[in-house]
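See below for the structure under consideration.
The values are calculated or read from the model by the stated rules, or taken from the named source; none is laboratory data. This one's a predicted model, so the numbers in the text were calculated from it and none came from an experiment. No Cβ is skipped: glycine too gets one built from the backbone with ideal geometry, and neighbour counts run over all protein chains shown. The protein model used for the area step is the full one, side chains on, heavy atoms only, and it has no ligands, DNA or RNA in it. Shrake-Rupley method; radii C 1.70, N 1.55, O 1.52, S 1.80 Å.
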Amino acid sequence: MNARRQRIVGFVVVAVLPALLAFTVVRLLRDDGGGAQRAAPSHTGGPAVPPSPAVSDGDVDLAVRFAGSAPGVEPTFMINEKQAAAGPPPEIRDCRRFADWAQRVGGIPVDFTPSHVLSVHARRSLDLNGAWIEAVPVAQVSITEGDGPWVELACRDGAPTPTATPSGEFPSQGEDDSPPVDRPHVLVAGQTIELPMELSEPYDGGDAFPHGVSDYELTVSLEIDGIYRTYRLKNGDSYFRCCGRTTYMGYQAASYEWNLSPPRSLRHCEELRYAEEPPPPTCTVSQR
């Protein structure tokens, strides 16, 4: 009897335990995607997952997006009327994604001082003492009536979602061009912060953009651990674009204003042509 028990124990040790061990290792590798498991870093003060960076170095990953004419103000675009009337696809339910969609389908922001949101993802622990951005036009864009008819497209959120972390805001640059004075933002490795940014005025005192529509990049200046650094950022794989125009002397383009809060609705106002004072707008609202 003892001999039989010893044979059973030996079989378990030699055959069964290695199989169980191999099965456990395979399950662990599958759960981890084939690599070692690591705790996900905390993203306090920013989105849970940082956006795809436009620029990376050993210290930070940077991305920037168009945010509107001012922080908290919904964006408005000049766009082809067909696109404006069709509106965004159903999965777009807030003005931030609306703005991304509008630019992808050819919308041009209607404003001469567009604002942006800068995303800073720390690759190591660091002190971020200041941030500035400046528009750098790279080419003018020919806009013709044949590409239209051009109308005004706007987004309205019934309950607006903040587009940036309030505590991350730096004060705007002063008239004496001195850097803003603010407490440093202490970031740990893996942390992301979003900063609402206004364009700095050009050093020559001129306009940020030439007359008409221009593609542009952004020069981003950061003070990291007391050292000033400069980066050049694009809008993903393309340029940013500014500045559309829908109002002229005696003319206001038709407008399409989408409210994305359920139930989704569209407010459409006819174009206005006038010699002196503009007449009252003619608008209709429909559920979409």
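Counting only protein chains, not ligands or nucleic acids, how are Val186, Val64, Val105 ordered by accessible area (probe 1.4 Å), most first? Each step should come with its number before you reach the end.
Values: Val186 100, Val64 15, Val105 50 Å².
Descending accessible area places them as Val186, Val105, Val64.
Arrange the peptides 141-149, 93-101, 260-268 so that the one whose residues have, on average, the most other Cβ atoms within 10 Å appears first.
93-101, 260-268, 141-149
Run the numbers on the range 224-288 and let me know its relative contact order in percent, using alpha-carbon pairs under 8 Å that are six or more apart.
Over the range 224-288, the number comes to 24 percent.
At a Förster radius of 35 Å, what calculated FRET efficiency corresponds to the Cβ-Cβ distance of Asp215 and Glu276, to the nearest 0.05? Please list the in-between numbers first.
Numbers: r = 37 Å, r/R0 = 1.05.
Rounded to the nearest 0.05, the efficiency is 0.40.
With θ set to phi - 60°, apply the Karplus curve 6.51 cos²θ - 1.76 cosθ + 1.60 along the range 191-198 and write out the HN-Hα couplings as whole Hz, x wherever there is a Gly or Pro.
So the J values, rounded to whole Hz, are 8, 10, 10, 10, 10, x, 10, 9.
Between Tyr228 and Ile143, what is the spin-label point distance in nm, taking each point 7 Å from the Cα along the Cα→C-beta axis?
3.4
If packing is taken as the average count of other Cβ atoms within 10 Å, what order do 187-193, 85-91, 197-203, 116-122 fall into, highest mean first?
Details: 187-193: 19.1, 85-91: 12.7, 197-203: 16.4, 116-122: 24.1.
Output ranking for 187-193, 85-91, 197-203, 116-122: 116-122, 187-193, 197-203, 85-91.
For Val105 and Arg267 in the same chain, what is the full-extension length gain: residue separation times 0.36 nm, less their Cα-Cα distance, in nm? Before the final figure, lay out each step's value.
Working: separation 162, 0.36 × 162 = 58.32 nm, distance 2.01 nm.
Extra length available between Val105 and Arg267 comes to 56.3 nm.
Hey, can you grab everything whose amide H is under 5 Å from the amide H of Ser115? Only 5+ residues off in sequence or another chain; H modelled, so Pro and N-termini drop out.
It is Ala67, Gly68, Ser69, Ala70, by chain and number.
How many percent of the accessible area of the range 53-156 is carbon or sulfur, using a 1.4 Å probe? Numbers along the way, then the final one.
Numbers: 2140 of 4360 Å².
Within the range 53-156, the accessible surface is 49 percent carbon and sulfur.
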